[in-house]
Structures are given as C-alpha cells and as structure tokens.
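Enquirer: I am attaching a structure below and will ask some questions about it afterwards.
No lab work stands behind these numbers, since they all come straight from the coordinates. This one's a predicted model, so the numbers in the text were calculated from it and none came from an experiment. Every residue, glycine as well, gets a Cβ built from its backbone with ideal geometry; the counts of neighbours run over all protein chains shown.
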C-alpha cells in the first residue's frame, strides 16, 4: 500500500497537467469578438478555458494574452496542457487576432522608410492598440470569463516588438512578458534607446521577461555566428544585433527587479522559433510556481511540522507572486495525502492535510466528507457527523443524507 501511495504522489507531482488522450481531439479556442471604439472595428479573439473548469464554480484563473492568436494559440495551449500543474498554473488563454492591420497595430512608431527604401504600409499605431487592450479587451475578458488580474503577454516578431514596448511603457499591465524574436530593429532601434533610460529608473519587482533570438543571424553569410555577429555592421545583422543589445541592457540593470531570461536558438529560423520559445518561455516565466521539496512531501519520515512549514511557505510564495490568495496545492493532492497518512497510521499528518484542504477549499463538500472519514476512522462519530452535515449543506447530495443517518445511529450506540 505504501508503494502505491508513493507512486501516486510521484505521478501527481510530475504529470499533474498531462492531458487525457481524447483532449487532442478537441477544438482549441472558442471564437468571440469585441467592438473597439479605439480601433473603430470588431476584433476577434479566441478563448480557451482550463480543462478542469467548472461553470458552477467561482474559481478564477491567471490569463495569457497571445498576439497573433489565430496562429499561436494552439501552440500555447499544447505547451500549457503538458506543463500545467507542476510547472505552471491552470490558466485561461486568450488569442487576439492580428490577421488584419497587423503592421498598423503592432508597430510602435510611424516610419516612412525601412533600410533605405520607401515604406508606405500603414504602421505605428501600437499605442492605440495597447489602449484597446487596456481599456476595452481586458475589461471585456475580466467581465465575461473566469480570470484574475494576473496576466501574461506573448508576442512574436512585430508582436514581440509590441510586447517589449508594453514592458517599457506600461509595465504594470502584465506580470509576464514573452517576446519571441522581437523586431527591435524597428525605427532605428527606437526601443533600445528607450530601454537604456527606462531600465535604470523603473521598478520591475514581480515582473518577468523572457526573450528569444532565432539562429537566422545573417540571411546571406553563414560565417556569421553568435560569437561574431556583434562585430558585423551591415543591415543584414541589424535584427540580431538589436536583440542582443537589448538583452545586454536588461542584464546590466539587475537592480530594477526585473526577472530576465534570454535564449538563443541556433537551429531555428524566424518562422520556427515560436514553438521552442513558448515552451521555454512559459517554463521560465513560471519557474517560481514549480513545486518545491517534493522529496520531503513523498517521504514518510518528514515530520508533520516540517510538512506544514513547506505547505505554508508555498502558500506565501504564491500570494507574493499572484498578489492574491491561491491554494498552494490542488484539493485532490491534499485529500489523497490525508488518506495516505491515515492508512499508514500517521494520524496527526492525516488530520493536518484534511484541515488544510478545508482551509484552502472551504466551499468543497468533498473536503468536509474526507474529514468526516478521518473522525469516523477514529471512532469520533460526533465530529464525523458534524462534518458530513456540513458536506450535505454545501452539496445537497443524497448519499450524505444516508451517511448522516448511519452516523447518528453509531453515535447513539
């Protein structure tokens, strides 16, 4: 029995977010739309709710906003499906369509020429697009969907440019920024000049940025590598050099509190780098979320007081990052840990887990029923009756009615 429980806990902690096989047959993202006064047009969005979402529950989730959502939402969804739970929280994913007016909305300043050539495509309305996201889209999503105000923004190429611009100009709008191969060469490296000043003075506490660079450093010269690209001065390497220069500025300003990670993908080009960047980026941005001390949680030698400290530490850590209370572990994990310890005759630990499940999930009938199991196992029928009654009050399920009758009979006997 002990080996079974150890295997269960290990499996729960390692693959808590893995999808069931039929998940891959599901359509991804429900289409919705919003009319924007700022953009003077309708904008489509695609919303993916967590697999375990219950419309009858009041639970809310962190939210990820994905630029070019019609392209990248499936990738974000796939990564999140495999890493959700142990590596990152369950989240709502909102894909923002940029199929139309992409250049207009995602670029940050107006230009009339590019690399010495006339440039006539509409551009430079990034500030207005960000106003749409802040004033219209975010309130729309928060009113209609079960999301909290803990937000992540993901963008590729011009979307990455927009993501970095938001970090510099409106950093409180999102907690996490994932900029994939961002076009930081835009407008003579405009954002690099901004970053040199902003990073010195802005407080980025509890804000994270992951940025990536593809291996496409020079379109015509394979001799250009990550080791010598900064020595090149041609327009062909301006894109890569801009990315590296920005990352160096971020690394040099460690006192501003920004959690910064940068990764180079030598085998990927601009079009393929989003997939590994989204995977590595989300894991990096949520590194703090990963479960700690799993070896001690799995060990039957760990004392009740030490387990309690581990759980309370995680509770405090999640609150620091999210800015609101969040249960440190899923209800199911606390529950099974209680039963496991009860079966192993470690009654103090069992009671602690059941009590914590009630503390973190006070509206769940199941946690009260589990505590009733604990008291009944210890022949305390009076307390068992109290907790089963509470479970019935919450759920109204008929099986609790019968159990109440049985416990009343036992308590009299």
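Enquirer: Pop the C-beta distance of residue 393 and residue 345 into the FRET formula with R0 = 35 Å and round what comes out to the nearest 0.05.
Expert: With R0 = 35 Å, the Cβ-Cβ based efficiency is 0.65.
Enquirer: While we're looking at this one, here's another question. Taking the chain as a Gaussian network, Cα atoms linked when under 10 Å apart, which of 372, 223, 99 shows the biggest mean-square fluctuation?
Expert: For the chain, modelled as a Gaussian network with Cα springs under 10 Å, the answer is 223.
Enquirer: Mind jotting down the distance between the C-alpha centroids of region 344-399 and region 250-295, whole Å?
Expert: About 41 Å separates the Cα centre of region 250-295 from the one of region 344-399.
Enquirer: A further question follows. Of all DSSP beta bridges located in the chain, what percent are antiparallel, nearest 5?
Expert: About 30 percent, rounded to the nearest 5.
Enquirer: Here is a follow-up. Sum -39500 (n - 2.57) across every DSSP H segment of at least 4 residues in the chain, then divide by the residue count to get the 222 nm mean residue ellipticity, nearest 500.
Expert: The helix contribution divided over the chain gives -15000 deg cm²/dmol.
Enquirer: Let me ask you something else. In a GNM of the chain with a 10 Å cut-off on Cα contacts, which of 188, 52, 38 has the highest mean-square fluctuation?
Expert: 52
Enquirer: Can you give me the angle between helix 186-201 and the longest principal axis of the chain, using Cα atoms only, in degrees from 0 to 90, rounded to the nearest 10?
Expert: 50 degrees
Enquirer: Multiplying the sequence separation of residue 320 and residue 272 by 0.36 nm and subtracting their Cα-Cα distance, what value in nm do you get? Don't jump to the answer; show the numbers that get you there.
Expert: Details: separation 48, 0.36 × 48 = 17.28 nm, distance 3.49 nm.
The residue 320-residue 272 span can extend by a further 13.8 nm.
Enquirer: Suppose R0 equals 25 Å; then what is the FRET efficiency for residue 303 and residue 57 from their Cβ-Cβ distance, rounded to the nearest 0.05?
Expert: Numbers: r = 34 Å, r/R0 = 1.36.
The formula returns an efficiency of 0.15 here.
Enquirer: If you don't mind, there's one more thing I want to ask. Quote to one decimal, in nm, the extra length available between residue 143 and residue 194 on full extension: 0.36 nm per residue of separation minus the C-alpha distance between them.
Expert: 15.0 nm
Enquirer: Angle check, please: helix 365-377 long axis (alpha carbons) against the longest principal axis of the chain (alpha carbons), in degrees 0 to 90, nearest 10.
Expert: 40 degrees
Enquirer: Using a 10 Å cut-off on Cβ atoms, rank the peptides 264-277, 147-160, 67-80 from the highest mean neighbour count down.
Expert: Descending packing order for the listed peptides: 147-160, 67-80, 264-277.
Enquirer: For region 294-412, what Kirkwood radius comes out of the mean inverse Cα-Cα distance, in Å?
Expert: Final number for the Kirkwood radius of region 294-412 is 15.0 Å.
Enquirer: What residue among 31, 356, 282 shows peak mean-square fluctuation when the chain is described by a Gaussian network model with Cα springs under 10 Å?
Expert: The residue with the greatest mean-square fluctuation here is 31.
Enquirer: Here is a further query. When each pair of different Cα atoms in the chain is counted once in the 1/r mean, what is the Kirkwood radius in angstroms, to one decimal?
Expert: So the Kirkwood estimate lands at 24.0 Å.
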